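**Q** Following this message is one structure expressed as structure tokens.
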Amino acid sequence: MLCFKILKRLKSIEKKFLREEKRHYSVLENKLTKLLAIVYPNGVLQERKANFLPYFLEYKNLILNELLGEFDPTKAEFKFVVAEN
């Protein structure tokens, strides 16, 4: 009888863990979906949609210095530059 109660309690705990894990991954999936929507608006890279000129006019040489400091033509990689207000 005691063994049955222990197994029942373990099943209950397992269900709680699975529910929490599903919730956690659901939240994570939502965050990633929002990030992808920013980086790939309408399924294309943002750099193909956004123009550099408005950022340059707002930040002047600061953005050029930042981009030149981050850019390495010998590496094939993506860099994300985020404007902080």
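The values are calculated or read from the model by the stated rules, or taken from the named source; none is laboratory data. Everything quoted here is computed from the prediction, not taken from an experiment. Neighbour counts are summed over all protein chains in view; Cβ atoms, including those assigned to glycine, are modelled from backbone coordinates with ideal geometry.
**Q** Would you mind telling me which numbered condition in (1) under 23 Å from LYS79 (Cβ atoms); (2) at pLDDT below 80 LEU2 fails?
**A** LEU2 satisfies every listed condition except (1).
**Q** Under 9 Å by Cβ, and 6 or more places apart or on different chains, what pairs join a residue from the range 73-85 that is modelled with pLDDT under 80 with one that is in a loop (DSSP other than H, G, I, E, B)?
**A** Taking only residues 6 or more apart or on different chains, the pairs are PHE78/LEU45; LYS79/PHE71; LYS79/ASP72.
**Q** Could you grab the pairs with beta carbons closer than 9 Å, sequence gap of 6+ or different chains, first residue in the range 28-46 and touching a residue at least 60 places away in the same chain (Cβ under 8 Å) and within 17 Å of VAL81 (Cα to Cα), second one polar (S, T, N, Q) and surrounded by 10 or more Cβ atoms within 10 Å (Cβ to Cβ)?
**A** Note: no pairs meet the criteria.
**Q** Go through (1) in contact (Cβ under 8 Å) with a residue 24 or more places away in the chain; (2) surrounded by 10 or more Cβ atoms within 10 Å (Cβ to Cβ) for PHE52 and report which single condition fails.
**A** All conditions are met except number (1).
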